[in-house]
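Participant: Below you will find the structure I want to go over with you.
The values are calculated or read from the model by the stated rules, or taken from the named source; none is laboratory data. Please read these numbers as outputs of a predicted model, since none were measured by experiment. Ideal geometry is used to build each Cβ from the backbone, glycine not excepted, and the neighbour counts take in all protein chains shown. Surface accessibility is based on the protein's heavy atoms, side chains included, excluding ligands, DNA and RNA. Shrake-Rupley method; radii C 1.70, N 1.55, O 1.52, S 1.80 Å.
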Amino acid sequence: MSRVGLRTCQQITRPWSNRVLAQKALFSSSHRCLDQSNNASRKTTHFGFRDVAEEEKESLVHQVFANVAGKYDVMNDAMSLGVHRVWKDQFIRAMAPSPGTKLLDVAGGTGDIALRFLDYCRNIHHDSSASVTMVDINPHMLEEGKKRFQTSPYAHTGQTDFLVQNAEQLVDIPDESVDVYTIAFGIRNCTHVDRVVKEAYRVLKPGGRFMCLEFSKVDNPVIGKIYDIYSFDVIPALGQVIANDRDSYQYLVESIRKFYSQEDFAQLIRDQGFKTIGSGYEDLTFGVAAIHSGFKI
């Protein structure tokens, strides 16, 4: 090709090449901006000590409890040295349900609270009209509760019901339909705790009571240090030995540390419309756990 022809070819192709490069740069820049925008709008929450997308947490928690459902009660005894039974007994005594009470037990799992509730009504009031609906987002946990009640005095009394439902959206529970709402060792696993409490307010009758039993913060530094060592060194190891699942129990320990302090959670309950008496909570075992309570007035 002649030098004149080569220069002409270069003059023709060079602007075209520049336009292509400019378009590629513009596309790449737009793509980066879109990615940055998506990341900025992507809401995160905690799963133990990890940050995860909000929409991921529910499935991650679901898998944890699917893994531990069969050994849940055994592990509770091992982890707390049986103290969880004392806490739950105190929880029911603090509730002091009257005859005919209609209870909604959310994150009801294996039925610990529901069974104690019905036992109290039967033993204290000789009452068989009290009823409980156990709600859990995890069907594996709820199946464990069903098994327990099949061998209980309440197997054929019509006093129990089981429902797979998300605590943040109790779509099958009507407004102002229950007397007491309980959630024990479950609310810290929910993605939006405020929405859970708001739903509790919706389904409770006027004068109804919200009650939550949950792990909390230990104020005493000496006891707190011992508690930390036991939590992070012993409990996951017990999970491995008893349930062949260290990771799930590592998450459960971490989730406790990420939950609200007693004061902050009591304020959240008030923020959703509940009235509290005094501080709104009762510490158990130096604050390892606490009972929170609020009334819909």
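Participant: Compute the helix-to-body angle for 54-68: its Cα long axis versus the longest principal axis of the chain, expressed 0 to 90° and rounded to tens.
Facilitator: Once rounded, one gets 50 degrees.
Participant: Cβ under 13 Å from K258's Cβ, K258 left aside: what net charge do those residues give with Lys, Arg +1 and Asp, Glu -1?
Facilitator: Residues close to K258 contribute a combined charge of +1.
Participant: How high is the FRET efficiency from D271 to D219, r the C-beta distance, R0 30 Å, rounded to 0.05?
Facilitator: The pair D271/D219 has a calculated efficiency of 0.85.
Participant: Tally up the carbon and sulfur contribution to the accessible surface of the chain as a whole percent, 1.4 Å probe, everything protein left in place.
Facilitator: 54 percent
Participant: Right, here's the next one. Which order do the peptides 114-125, 237-248, 131-142 take when ranked by the mean count of other beta-carbon atoms within 10 Å per residue, highest first?
Facilitator: Going from most to least packed, we get 131-142, 114-125, 237-248.
Participant: Identify all aspartates and glutamates with a Cα-Cα distance to K43 below 18 Å; exclude those on the same chain that are fewer than 8 residues away in sequence.
Facilitator: Within the straight-line limit of under 18 Å, K43 reaches these aspartates and glutamates: D35, D51, E54, E55, E56, E58, E168, D194.
Participant: Here is a further query. Below 8 Å between Cα atoms, with a sequence gap of 6+, how large is the relative contact order for the chain in percent?
Facilitator: Relative CO of the chain lands at 17 percent.
Participant: Could I ask something else about it? So which lysines can K102 reach, going by Cα to Cα under 16 Å and dropping same-chain residues fewer than 8 places off?
Facilitator: The qualifying lysines are K205, K296.
Participant: While we're here: Please list E58, E214 from largest to smallest accessible area, probe radius 1.4 Å, with all protein chains kept in place.
Facilitator: Descending accessible area places them as E58, E214.
Participant: To test your reading of the geometry: what angle, between 0 and 90 degrees and rounded to tens, separates the Cα axis of helix 83-95 from the longest principal axis of the chain?
Facilitator: For 83-95 against the chain, the angle is about 70 degrees.
Participant: Using θ = phi - 60° and the Karplus curve 6.51 cos²θ - 1.76 cosθ + 1.60, what whole-Hz ³J(HN,Hα) does each residue of the stretch 139-148 get, with Gly and Pro shown as x?
Facilitator: x, 5, 5, 5, 4, 5, x, 4, 4, 4
Participant: Would you mind working out the magnitude of the charge dipole of the chain relative to its Cα centre, with +1 at each Lys and Arg C-beta and -1 at each Asp and Glu C-beta, to the nearest 20 Debye?
Facilitator: 1560 debye
Participant: Given a 1.4 Å probe, how much area per residue of the chain is accessible, in Å²?
Facilitator: Each residue of the chain exposes 52 Å² on average to a 1.4 Å probe.
Participant: As I understand it, the dipole of the stretch 70-296 uses +1 on the Cβ of Lys and Arg and -1 on the Cβ of Asp and Glu, about the Cα centre. Which of S279, F215, N76 lies farthest toward its positive end?
Facilitator: S279
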